Amino acid sequence: MNVALYRELQKYQEEGIRLWLNGRPSTSYQIANRVREEENYMRDYQMDCQNQICGIGFDRIRKDKKQNGEVPLMRKLK
C-alpha cells in the first residue's frame, strides 16, 4: 500500500470529500492499494459551485492499442 497516499486521502475523506476510483465511489484504502499495484492513474478534482474540492477521482490511464503507429480508423482496407 502507498502509505503516504493513504494518509493524504484519509484526511480528505474525514473532511467529507468523496473519493472515486475509475468512476465508482471508493475509499482511501482501496485507492492506495490499487495505485500501488498499477501506477498509471490520473487525479481528477471535482469542484462545487464555490470552487471548493468536493471529490477526487482516480482514473486509470490505459495505453492506446496502436502498437505499430497506425491510427485504428486509418487502416488499409483489403
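The GluC sites (Glu not before Pro) of the range 1-55 meeting both criteria, a DSSP state outside H, G, I, E and B (loop) and at most 16 other C-beta atoms within 10 angstrom of the site's C-beta, are 15, 38, 39.
In terms of its C-alpha gyration tensor, the range 1-67 comes out oblate, because a/c is 1.5 or above while a/b does not outweigh b/c. Label separation (residue 14 vs residue 52): 1.8 nm, computed from points 7 Å beyond Cα along the C-beta direction. Residue-wise HN-Hα couplings along the range 46-55, as the Karplus relation 6.51 cos²θ - 1.76 cosθ + 1.60 with θ = phi - 60° gives them from phi, are 9, 10, 8, 5, 9, 6, 9, 5, 10, x Hz; Gly and Pro carry x. In loop segments of the range 16-64 as defined by DSSP, the trypsin sites (Lys or Arg not before Pro) with at most 14 further C-beta atoms inside 10 Å of their C-beta are 62, 63.
None of the figures in this text is laboratory data; all of them are computed from the coordinates on show. None of these values were measured; they are calculated from a predicted model. Note that we place each Cβ from the backbone using ideal geometry, even for glycine, and neighbour counts take in every protein chain shown.
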